[in-house]
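Asker: Dropping the structure in here first, questions after.
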Amino acid sequence: MSKVMLVTGSSGLIGSEVVSAFKTEFDVIYGIDNNMRAVFFGKPGDTRWNQKRLEADHSNFRHIELDIRDREGVLKTIEKLGPSLIVHTAAQPSHDLAATIPFDDFETNAVGTLNLLEATRRYCPSAVFVHMSTNKVYGDAPNNIRLIECPTRWDYDDPEYRDGINEGFTIDQSKHSLFGASKVASDIMVQEYGRYFGIRTCCLRGGCLTGPFHSGVELHGFLSYLIKCNLEGKLYRVYGYKAKQVRDNIHSHDVAAFIRAFYTRPRIAEVYNIGGGRDNSISMVEAFGKIESISSKKMVYEYVDKNREGDHICYISDLGKMKRHYPEWRITKSLDDIFGEIYESWKERRNG
């Protein structure tokens, strides 16, 4: 009997990285994607190029054109395939855009996830189910942490958060954006299917997930889009916080490596904050300087003196729980690696 894996959002950043990472471990890897990123973000968000790359590079990859909101389609697909690992990365990923498309956002993020979970419970309950959640489930509550303003960044001024935010941080009584709220719904549902039905699930609450296969746009994928703007001499807008807001960045390769670790020794209803940690944290101002040093091009940017609704001033993921549960896993891609790879990828796509 064939060993089968299913990846949703397979043409996206994390989905495509997961397909490549597991290519020798499964007889067939099926990818569900319908290029909704192009619908959400227009032509710059199109991921067909990545789908074609996967089909060309991996002989055991099979693309399935399917919208995860199609309940019957999802149920029939999972019943037919019977995967032993499901990695769910498909989503409407922008908290700004969600306010203009609330039904599409909730139906994709919450209802789409429910469709997949119920199909798993009915047809392959022994499968491992990995869900790409987001740190936006914490809403803007991280902004209540005492902060200190440094010359080029904001940082935590509370020793409790020296290593970042852990999984026990509150997700309640804060402004999430509609995107954050729909992702809370899916996150809690993934946990509930684990606890209630005993399915081996985990939620990966991502910080800034990035890498060379990202179709970064202004409304999602800040680092990829920032580097693209620098390469093309295009205006980049920074929203609030004196351009000192901080994010921790993790390469898609390291995300896929953790998913492998979890699949090897799965647990029930786990939650992990997955990001680059303090070592891979960077502010907007610092990011401008880093890409300028690589490209030798001045960053063209405009400062808008109003932050995005529900946006984090400083967010760093505490990776302690991940490392305790899976001590063999570690961050292997530094900020220098990440910037260099994204820059070279955009150059190649621009010239190709």
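The values are calculated or read from the model by the stated rules, or taken from the named source; none is laboratory data. For clarity, every value in this text was computed on a predicted model and none was experimentally measured. Here the Cβ is made from the backbone with ideal geometry for all residues, glycine too, and neighbour counts use every protein chain on show.
Asker: So, of the residues in segment 242-253 that are of a type outside the set (A, V, I, L, M) and surrounded by fewer than 22 Cβ atoms within 10 Å (Cβ to Cβ), which turns out to be farthest from Trp154 (Cα to Cα)?
Answerer: The extreme case among them is His253.
Asker: On to the next question. Tell me whether segment 188-196 contains one or more residues that are touching a Phe, Trp or Tyr at 6+ places or on another chain (Cβ under 9 Å) and among the polar types (S, T, N, Q).
Answerer: no
Asker: Follow-up. Looking at (1) among the aliphatic types (A, V, I, L, M); (2) buried (at least 24 other Cβ atoms within 10 Å of the Cβ); (3) not in a helix (DSSP H, G or I), which one does Ile227 not meet, given that it meets all the others?
Answerer: (3)
Asker: Of the conditions (1) more than 24 Å from Ile101 (Cβ to Cβ); (2) in a helix (DSSP H, G or I); (3) out of contact with any Cys (no Cβ under 9 Å at 6 or more places or on another chain), Gly194 clears all except one; give me its number.
Answerer: Here Gly194 clears every test but (3).
Asker: Restricting the first residue to segment 147-172 and requiring it to be at negative phi, which pairs with a second residue that is assigned to a loop (DSSP other than H, G, I, E, B) and among the polar types (S, T, N, Q) meet a Cβ separation below 9 Å and a spacing of at least six or different chains?
Answerer: Arg153/Gln245; Trp154/Gln245
Asker: Turning to a different aspect of this structure: Report, by residue number, each residue of segment 194-220 that is at pLDDT below 95 and among the aromatic types (Phe, Trp, Tyr).
Answerer: Result: Phe213, single match.
Asker: So which pairs qualify, if the first residue must be in segment 334-352 and assigned to a helix (DSSP H, G or I) and at pLDDT below 95, the second must be crowded, with 19+ Cβ neighbours inside 10 Å and among the basic types (Lys, Arg), the Cβ gap must be under 6 Å, and the two must be at least 6 apart or on different chains?
Answerer: Trp346/Lys228
Asker: From Asp279, Asp305, Asp318, grab the single residue that is out of contact with any Gly (no Cβ under 8 Å at 6 or more places or on another chain) and of a type in the set (Asp, Glu).
Answerer: Asp279
Asker: Then there is this: Quickly run through segment 70-96 and pick out the residues that are surrounded by fewer than 21 Cβ atoms within 10 Å (Cβ to Cβ) and either modelled with pLDDT under 95 or not in a helix (DSSP H, G or I) (or both).
Answerer: Hits for segment 70-96 are Asp70, Gly82, Ser84, Asp96.
Asker: When segment 127-153 is examined, which residues are found to be touching a helix residue (DSSP H, G or I) at 6+ places or on another chain (Cβ under 7 Å) and surrounded by 20 or more Cβ atoms within 10 Å (Cβ to Cβ)?
Answerer: Correct list: Ala127, Val128, Phe129, Val130, His131, Met132, Ser133, Thr134, Lys136, Val137, Gly139, Arg153.
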